[in-house]
Amino acid sequence: MSNVLRNIFLLIWLVLCTVPIAHGQEDDIVQVTSFDETTDDSRDSVVFRQKYVIGIKEAPPFAIKNPDGSWTGISVNLWESISAKLKISFRWEERGMSGLLKGVQDGSLDAAIAAISITREREELVDFTHPYYVTSLGIAVRPKEGSVKLLISRILSPRFISTIGALIALFLIFGALIWLFERKKNPGFDESFKKGIGAGFWWAAVTMTTVGYGDKTPITAGGRFIAIIWMFFTILSVSSLIAATSSVLNSDPPEHKVENVRDLAKIKVGTVKKSSSLQYLRRNRVLPKIYATPLEGMEAVKNKEIDALLYDEPLMRYLIKQGRVNHLKLLPYKFKYQYYSVCLPSGSDLREGINLILLEKTTEPHWKDLLFNYLGRTE
């Protein structure tokens, strides 16, 4: 009898012990597994607890919003590959740049991707993966004008007019001096002021150009002394005058000579609000005109509101390639390298897994084909 009671008691005890275990198996909350192991089997077996919310903003060609609300682009294609590899589901949530950073920081977004560059200010708020695209800030300017129109504009430029004005003044000064000495003794220089100065001007011009017709030559000692001074002066200065004139006629517009940030302060430059290019200009004490979008800024360059637009080079290259903005070109000079990355909350469990996938995906031929399809051939 005692054995039967003992067995019944043992059975009841075993049943009570299994109830919490069964209840625990029905719990939906599953801790996200980090990617400490590098084997494919460990990554494939990860189970996540939710549909992730991924922040995005329009930044063609990295993030392009289609009329039906779907997204395409370089960064979109990359994230879809990442999510497939990690076996997670997600949904897009569109925000502005400040909204993306704030959302990632406060946890309302699990990640953000578009054309988000790593900066010191952003790194203090959020975390970043390895860069998946390295570029630089570029300069968009108007191309050189047509030859006839350009020639006329340069001839009428203040610099060219001042050069010609200085030359005419020299002709008049030395022409007047030679006339003062020659007017009473040399029949080639009329005594009347108007005709005499005209003759002196003619003599100065033909002497400088070394044509030397010989129709007017000084015969007085003073006139010859002035002539010697003038001839030595023209020998020393004519090459400089020719070079100055050639420089004016053949020089590029100031915006085409931009090679460093100091040159940007000499022209009317614009950029896009809340961008790393705006931070760059402000740190270098350059005050730009600010536009809402790169397209708006490039239109301002086209309409001669500003001389140049400083912004992310691939985004402007794409707009030009797509014909969204005509008659603009990108200068070959590069300003401040940009590192596009996936933006994550600090301490995110996704970071290591995404980094491993980025190292794999960005070395594949498909990645190079994707960049070429959107951006064309880049330097």
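The values are calculated or read from the model by the stated rules, or taken from the named source; none is laboratory data. Keep in mind that this is a model prediction, so the values were computed, not measured. For neighbour counting, all protein chains shown are included, and Cβ atoms are generated from backbone atoms with ideal geometry for every residue, glycine included. Surface areas here come from the heavy atoms of the whole protein model, side chains and all, with no ligands, DNA or RNA. Shrake-Rupley method; radii C 1.70, N 1.55, O 1.52, S 1.80 Å.
Of the residues making up the range 119-151, those that are under 20 Å from the mean Cα position of the chain (by Cα), modelled with pLDDT of 90 or more, surrounded by 17 or more Cβ atoms within 10 Å (Cβ to Cβ) and of a type outside the set (S, T, N, Q) are Arg122, Pro131, Tyr132, Tyr133, Leu137, Gly138, Ile139, Ala140, Val141.
Taken over the range 92-107, the criterion of being touching a strand residue (DSSP E or B) at 6+ places or on another chain (Cβ under 7 Å) and open to solvent by 30 Å² or more (accessible area, probe 1.4 Å) is satisfied by Trp92, Glu93, Glu94, Arg95. Checked against (1) over 17 Å from Val76 (Cα atoms); (2) of a type in the set (A, V, I, L, M); (3) not in a strand (DSSP E or B), Leu309 meets all criteria but (3). Checking each residue in the range 339-358 for being open to solvent by less than 30 Å² (accessible area, probe 1.4 Å), within 15 Å of Ile88 (Cβ to Cβ) and outside any loop (DSSP other than H, G, I, E, B) picks out Leu344, Gly353, Ile354, Ile357.
Just one of (1) touching a Phe, Trp or Tyr at 6+ places or on another chain (Cβ under 7 Å); (2) of a type in the set (Val, Ile, Thr); (3) at pLDDT below 95 fails for Thr271. It is (3). For the residues Lys361, Lys304, Lys336, Lys329, the requirement of being open to solvent by less than 70 Å² (accessible area, probe 1.4 Å), of a type in the set (Lys, Arg) and under 30 Å from Arg262 (Cβ atoms) singles out Lys336.
The residue of the range 364-379 that is nearest to Pro131 (Cα to Cα), among those that are open to solvent by 70 Å² or more (accessible area, probe 1.4 Å) and outside any loop (DSSP other than H, G, I, E, B), is Lys368. Considering the range 204-235, the residues that are among the β-branched types (Val, Ile, Thr) and more than 60 Å from the chain's Cα centre (by Cα) include one that is modelled with the highest pLDDT, namely Thr220. Leu172 passes every criterion in (1) open to solvent by 50 Å² or more (accessible area, probe 1.4 Å); (2) closer than 14 Å to Gly55 by Cβ apart from (2). Residue under question is Phe201, and the condition is that it be modelled with pLDDT of 85 or more, open to solvent by less than 70 Å² (accessible area, probe 1.4 Å) and either aromatic (Phe, Trp, Tyr) or under 50 Å from the mean Cα position of the chain (by Cα) (or both); does it hold? Yes: the conditions hold for Phe201. Every test in (1) closer than 20 Å to Ala63 by Cα; (2) open to solvent by 70 Å² or more (accessible area, probe 1.4 Å); (3) among the aliphatic types (A, V, I, L, M) is passed by Leu287 save one, and that test is (1). What pairs can you find where one residue is in the range 285-306 and in contact (Cβ under 8 Å) with a residue 40 or more places away in the chain, the other is crowded, with 16+ Cβ neighbours inside 10 Å and in a loop (DSSP other than H, G, I, E, B), and their Cβ atoms are less than 7 Å apart, with a gap of 6+ or different chains? Filtered contacts from the range 285-306: Met298/Val325; Met298/Leu328; Val301/Arg142; Val301/Leu328; Lys302/Arg142; Lys302/Val325; Lys302/Leu328. For the range 55-88, what are the residues that are touching a residue at least 40 places away in the same chain (Cβ under 8 Å) and either open to solvent by 30 Å² or more (accessible area, probe 1.4 Å) or more than 24 Å from Leu359 (Cβ to Cβ) (or both)? Those that are touching a residue at least 40 places away in the same chain (Cβ under 8 Å) and either open to solvent by 30 Å² or more (accessible area, probe 1.4 Å) or more than 24 Å from Leu359 (Cβ to Cβ) (or both): Lys57, Glu58, Pro60, Asn77, Ser81, Lys85, Lys87.
Please determine whether any residue of the range 313-332 is within 21 Å of Glu124 (Cβ to Cβ) and modelled with pLDDT of 90 or more. No, the range 313-332 contains no residue that is within 21 Å of Glu124 (Cβ to Cβ) and modelled with pLDDT of 90 or more.
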